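*Asks:* One structure coming up, written as C-alpha cells, with questions to follow.
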Amino acid sequence: MCNDKDIKELIPSYLDQVLDEHEHEMVMKHLESCGDCRADLDLLHLMHEELVPDPGKAYWDEMPSRIFRAVKARKARKWSFELSWLTERLILPRWVIAASTVGLALVISWFAVQAPQRGPVVTVSQNDEPAHEIMVSDAVPLSDLDHDQLATIATWARSELVSIAHEAAPVMANTADTDFYEEITELNTNEAERLSIMLDQWEQEG
Amino acid sequence: MDEDLDLINRTEAGEREAFDDLVKKYQKPLYAMLYRMVGNHEDASDLLQKAFVKAFTGLKSFERRSTFKTWLYQIAINLAKNVYRERSRIELVPIDNVIIKRDPRTLEAMIVNENRQLLRQALARLPEKQRITLMLRVQSEKKFEEIAGIMKCSVGTAKANFHHGVRKLKAIMLEMNKRQQSGEGSQKQDNT
C-alpha cells in the first residue's frame, strides 16, 4: 500500500485537471509505478462521473420564485409564532387571571365589610366614674342595650356633636362674612352710596 | 467587496433581484451534492428548498466569519444527514431491469452501471464524515480548506477523513466484488 499522502491528496486535483505542470508531471510519473494510487484514481474517477439527472430548465427557472414564496411564508409563521409565544409568556393564562380577579374581589369585599364595623375609640366619663374607652363596634339594636350602655353611647354622641359644632362654627362665621364681603365689593358707586345713606338713617333712628 | 456579501446586503435591503441571483448561483451545485447524498430527485429538491429557506430566513444570524457558500453548504449537509439517517438511500436496481440497448457499448455500460451500484452501496457503508468529505472533494470539487469550513474541522482532519475514506471505500468494494464473484461462481456450479 502506498503511503505517499502528498500524491494521494493531489489525485482528486489531477482528476479535475487543475494541477500546475510540475505537479501534473509528478503525479503522472508516480501513477506509472504505483498500482495502489492507480486503483485510487479509478475509484475516484468512478465517483466523479456519478451522473446527476438534470431536472430541466423549467425547474431551475422556477426555483428562485418558489424559494421566495417559501421564505415569505416562513417569516409570516415565525412572526405569529413569536407573538403567540410572547402572549403566552407575558399575559397570564385565563384561569390565573380569573382566579386573581376572584381573589382580589374577595379581599376588597372583606375590607369593605370589615371597615364600617370598626368604630372610633372614644373616651367618655360619666358622672364621677373615671374616663374609660369604648369602641363603637357591630351594629346592635338599641333594645338589646341596658341602661348603662345607652347612657355611655348618649354621652359619646353628645361629645361628638359638640366637637363637630365647635369645628364648624368658625367656618360658618367665615363663610357668612366672606359672602357679605363679596356682595359689598360687587356694588357699584351709586349703590354703595345709597347703602351708606340707609345705614346712617338706621343709626339716627336707633 | 465579496460578490456574495454584496448580494446578501442587497437581499437584506429587500432587493428581489439580488435574492434571485444568489439562488441561481448555488442551486445547481447544491442540488448535485444533495442528489448524490440522498439518491433521488424528490428528496434532493425538497432539501434544496429547505436549505435555501433556512439560509435566507436566518441571514441575520450569518456572522460572515465564513463565506456564504460554506455556510449554505453546512446547512444543506446537516439537513441531508437527517434524511440520510432516517431513510434507506440505496436504490438497488437489479441488473436484469436495466434496459439493454442494441449498442456495442452495452456490455461496457452494464459493467460501469454495476460498478456504480457497488460504489453507491460501498459509500453508504462509510462513516458519515468520511463519506461527506469524499463527496465534497471528488464530486463537488471542493478544496480541503472549503471542506474544513463546511465540516467545521481543521484542514488536517479533512485530509485525514479523505485518506481514510478512500482506503476504506477500496476495501469495501473489494470485499463486495469478492462476494459477488463467489456468488456468481456458486450459481454457475448449480447451473452445471
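The values are calculated or read from the model by the stated rules, or taken from the named source; none is laboratory data. Predicted, not measured: the structure shown is a model, and the values here were computed from it. Here the Cβ positions follow ideal geometry from the backbone for every residue, glycine too, while neighbour counts run over all protein chains shown.
*Asks:* Taking the options B:ARG10, B:ARG16, name whichever one is modelled with pLDDT of 90 or more, more than 13 Å from chain A (Cβ to nearest Cβ) and closer than 19 Å to A:VAL71 by Cβ.
*Replies:* Numbers: B:ARG16 fails: more than 13 Å from chain A (Cβ to nearest Cβ).
None of the other options fit; the residue is B:ARG10.
*Asks:* Hey, another quick one. Take segment B:68-77 and flag every residue that is surrounded by fewer than 21 Cβ atoms within 10 Å (Cβ to Cβ) and either under 12 Å from the mean Cα position of the chain (by Cα) or under 14 Å from B:LYS25 (Cα atoms) (or both).
*Replies:* Across segment B:68-77, the qualifying residues are B:PHE68, B:LYS69, B:THR70.
*Asks:* Can you name every residue in segment B:99-132 that is assigned to a helix (DSSP H, G or I), at pLDDT below 65 and surrounded by fewer than 13 Cβ atoms within 10 Å (Cβ to Cβ)?
*Replies:* B:LEU107, B:GLU108, B:ILE111
*Asks:* On the given criteria, is B:LEU72 away from every other protein chain (no Cβ under 11 Å), assigned to a helix (DSSP H, G or I) and farther than 19 Å from A:ALA73 by Cα?
*Replies:* Taking the combined requirement at face value, the residue satisfies it.
*Asks:* Just to be sure, is A:TRP79 at pLDDT 65 or above, out of contact with any strand residue (DSSP E or B) (no Cβ under 8 Å at 6 or more places or on another chain) and either within 14 Å of chain B (Cβ to nearest Cβ) or closer than 30 Å to B:MET33 by Cα (or both)?
*Replies:* yes
*Asks:* Name every residue in segment B:145-156 that is more than 13 Å from every other protein chain (Cβ to nearest Cβ) and not small (Gly, Ala, Ser), in order of residue number.
*Replies:* B:ILE150, B:MET151, B:LYS152, B:CYS153
*Asks:* Which ones in segment A:12-30 are buried (at least 17 other Cβ atoms within 10 Å of the Cβ) and more than 8 Å from chain B (Cβ to nearest Cβ)?
*Replies:* Kept after step one, since they are buried (at least 17 other Cβ atoms within 10 Å of the Cβ), are these residues of segment A:12-30: A:12-15, A:19, A:27, A:30.
Once the filter is applied, which keeps residues that are buried (at least 17 other Cβ atoms within 10 Å of the Cβ) and more than 8 Å from chain B (Cβ to nearest Cβ), segment A:12-30 yields A:SER13, A:TYR14, A:LEU19, A:VAL27, A:HIS30.
*Asks:* Something else: Condition test on A:ALA39, is it over 25 Å from B:ARG137 (Cβ atoms) and either more than 11 Å from every other protein chain (Cβ to nearest Cβ) or of a type in the set (A, V, I, L, M) (or both)? So that I can check it myself, show each step before the final result.
*Replies:* Details: over 25 Å from B:ARG137 (Cβ atoms): no; either more than 11 Å from every other protein chain (Cβ to nearest Cβ) or of a type in the set (A, V, I, L, M) (or both): yes.
Spelling it out, it is not the case that A:ALA39 is over 25 Å from B:ARG137 (Cβ atoms) and either more than 11 Å from every other protein chain (Cβ to nearest Cβ) or of a type in the set (A, V, I, L, M) (or both).
*Asks:* In addition: Collect the residues in segment A:16-60 that are part of a loop (DSSP other than H, G, I, E, B) and within 16 Å of A:ASP6 (Cα to Cα), keeping them in residue-number order.
*Replies:* A:VAL18, A:LEU19, A:ASP20, A:CYS34
So that you can scan it fast, the table gives a plain yes or no per residue for (1) facing another protein chain (nearest Cβ under 7 Å); (2) not aromatic (Phe, Trp, Tyr):
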{"residue": "A:ASP54", "(1), (2)": "no, yes"}
{"residue": "A:TRP60", "(1), (2)": "yes, no"}
{"residue": "A:ARG66", "(1), (2)": "yes, yes"}
{"residue": "A:ARG74", "(1), (2)": "yes, yes"}
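*Asks:* Would you be able to say whether some residue in segment A:2-11 is β-branched (Val, Ile, Thr) and either more than 10 Å from chain B (Cβ to nearest Cβ) or more than 18 Å from B:LYS142 (Cβ to Cβ) (or both)?
*Replies:* Scanning segment A:2-11, I find at least one residue that is β-branched (Val, Ile, Thr) and either more than 10 Å from chain B (Cβ to nearest Cβ) or more than 18 Å from B:LYS142 (Cβ to Cβ) (or both), so the answer is yes.
*Asks:* Right, something else. All but one of (1) facing another protein chain (nearest Cβ under 10 Å); (2) part of a helix (DSSP H, G or I) hold for B:LYS142; which doesn't?
*Replies:* Of everything listed in (1) facing another protein chain (nearest Cβ under 10 Å); (2) part of a helix (DSSP H, G or I), B:LYS142 misses just condition (2).
*Asks:* Report yes if some residue within segment B:19-40 is away from every other protein chain (no Cβ under 14 Å), surrounded by 15 or more Cβ atoms within 10 Å (Cβ to Cβ) and in a helix (DSSP H, G or I); otherwise report no. Don't jump to the end; show me each part of the working.
*Replies:* Step one: of segment B:19-40, the residues away from every other protein chain (no Cβ under 14 Å) are none.
No, segment B:19-40 has no match at all.
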